[in-house]
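Visitor: Following this message is one structure expressed as structure tokens.
The values are calculated or read from the model by the stated rules, or taken from the named source; none is laboratory data. Since we're looking at a predicted model, the values are computed, not measured. Here the Cβ is made from the backbone with ideal geometry for all residues, glycine too, and neighbour counts use every protein chain on show.
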Amino acid sequence: MSQQSNLLPLPEALPLPEAVDATRSQLHTTQAGRIAYYHDQRGEGRPLVLVHSINAAPSTYEVKPLFEQYAGSRPIYSIELPGFGHSERGDRAYSPELYANAIRVLLEEVVQAPADLLALSLSAEFAARAALGSPASVASLVLISPTGFSRRPLPPLTLGRGLHGLLGARLWSQGIYDLVASKRSIRYYLGKSFRGQPPQAFLDYAYATSHQPGARYAPLIFLSTQLFTRNAVDKLYARLTQLPVLAIADRDPYVTFEELDDLISRQPNWRHETLAPHLGLPQWEQPEALFAALDRFWDTV
């Protein structure tokens, strides 16, 4: 009997439509393989680069309201991070460095001009890391519901690696992921980020993008906490001393922000707006307030 016959069967891939009505291109990188990104270059002015969050089913669809708002008025790009969306989903060592490098390569090789960089949740840490690695590529940074400001300690990386070894075992990793990416699970966890019901189209897209070949690899590493930077405030955020930074954070069912105001009190280049009430996705729940806050911020950059 072959080894493959002892493994759980792979689910059938679902069709994955475009997340936004825009051109989708791809970039080939050494570390992260093929990276997909959407772009609309009809507008003029400073480019805007959007970065979706990290979870079981993220994609450019998360930032769709932002893309649609600014497409045509300025050059805009939305990256599909490695392991998600239309990007390559290989079985590789996903890490904060790999994700930051993917953003940096897009900025340096595709955008090729100082850009306003906007990232959601855990990707805020990757965006900060990318800005530190390529400061000439980033004009400003917007972090929506950023991770790294909680006082709750993360487990040691050694424990995270051990947890991934358990979650990623070939015999049952697909079965574990199928539970996480089931329709019921996606509705439950995405629903926690909305005060009301999440749009059905959002749920449908999340389910489709989580059921592509290789979809389990990156989320299982995420669940093991290996993608989080330990002591992110000191290692990442506090080092952004010259770059204009806007943090948008109200309440979030997954992260807390106890250390955010303390950092802002020490660094005059940082600002904080809540845009309350929302639960981490103001582009969906408070779009007009978010667009106005962004425009005010970018007008000062």
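Visitor: Among (1) within 18 Å of the chain's Cα centre (by Cα); (2) closer than 19 Å to V51 by Cβ; (3) not in a loop (DSSP other than H, G, I, E, B), where does A293 come up short?
Guide: For A293, the exception is condition (1).
Visitor: Kindly indicate which of E125, E62, E68 is closer than 28 Å to T158 by Cα, of a type in the set (D, E) and either under 14 Å from the mean Cα position of the chain (by Cα) or surrounded by fewer than 24 Cβ atoms within 10 Å (Cβ to Cβ) (or both). Show your work before the answer.
Guide: Details: E62 fails: closer than 28 Å to T158 by Cα; E68 fails: closer than 28 Å to T158 by Cα.
Step by step, each of E125, E62, E68 is checked, and only E125 is closer than 28 Å to T158 by Cα, of a type in the set (D, E) and either under 14 Å from the mean Cα position of the chain (by Cα) or surrounded by fewer than 24 Cβ atoms within 10 Å (Cβ to Cβ) (or both).
Visitor: Touching a residue at least 40 places away in the same chain (Cβ under 8 Å), under 19 Å from S224 (Cα atoms) and either charged (D, E, K, R) or not in a helix (DSSP H, G or I) (or both): is that true of E109 in this structure?
Guide: Judged against the criteria, E109 is not a match.
Visitor: In the range 268-301, which residues are among the polar types (S, T, N, Q) and in contact with a strand residue (DSSP E or B) (Cβ under 8 Å, 6 or more places away or on another chain)?
Guide: N269, T274, Q283
Visitor: With the requirement that a residue be on the phi > 0 side of the Ramachandran plot and not in a strand (DSSP E or B), what does the range 12-58 give you?
Guide: G45
Visitor: Moving to a separate point now. Which condition breaks for Y207 when tested against (1) within 28 Å of R92 (Cα to Cα); (2) more than 18 Å from the chain's Cα centre (by Cα); (3) surrounded by fewer than 20 Cβ atoms within 10 Å (Cβ to Cβ)?
Guide: (2)
Visitor: Same structure, new question: Are there any pairs, at least 6 apart or on different chains, whose C-beta atoms fall under 6 Å, with the first in the range 29-58 and under 21 Å from Y254 (Cα atoms) and the second at pLDDT below 95 and among the charged types (D, E, K, R), and if so, which?
Guide: From residues that are under 21 Å from Y254 (Cα atoms), there are no pairs.
Visitor: Taking helices (runs of 4 or more DSSP H) that do not extend beyond the range 135-216, which have at least 2 residues that are among the aromatic types (F, W, Y) and in contact with a Leu (Cβ under 8 Å, 6 or more places away or on another chain)?
Guide: Hits in the range 135-216: 200-209.
Visitor: Let me ask you something else. Please give the number of the condition L243 fails out of (1) surrounded by fewer than 18 Cβ atoms within 10 Å (Cβ to Cβ); (2) in contact (Cβ under 8 Å) with a residue 12 or more places away in the chain.
Guide: (1)
Visitor: Test of understanding: among A293, A289, which residue is buried (at least 18 other Cβ atoms within 10 Å of the Cβ), of a type in the set (G, A, S), farther than 22 Å from Y189 by Cα and in contact with a Leu (Cβ under 7 Å, 6 or more places away or on another chain)? Steps first, please.
Guide: On the way: A289 fails: buried (at least 18 other Cβ atoms within 10 Å of the Cβ).
Going through A293, A289 in turn, just one is buried (at least 18 other Cβ atoms within 10 Å of the Cβ), of a type in the set (G, A, S), farther than 22 Å from Y189 by Cα and in contact with a Leu (Cβ under 7 Å, 6 or more places away or on another chain): A293.
Visitor: Let me ask something else. Taking only pairs six or more apart or across chains, which ones have beta-carbon atoms under 7 Å, a first residue in the range 271-290 that is without any contact (Cβ under 8 Å) to a residue 12 or more places away in the chain, and a second residue that is not in a helix (DSSP H, G or I)?
Guide: Here the result reads Q286/L275; Q286/H278, each pair linking the range 271-290 to a residue that is not in a helix (DSSP H, G or I).
Visitor: Also, I was wondering about something else. Find the residue count for the range 71-102, including only residues that are closer than 23 Å to R42 by Cβ and buried (at least 20 other Cβ atoms within 10 Å of the Cβ). Full working, then the answer.
Guide: Step one: filter the range 71-102 for residues closer than 23 Å to R42 by Cβ, giving 71-80, 85-86.
Narrowing the set further to residues that are buried (at least 20 other Cβ atoms within 10 Å of the Cβ) leaves 71, 75-80, 85-86.
The total comes to 9.
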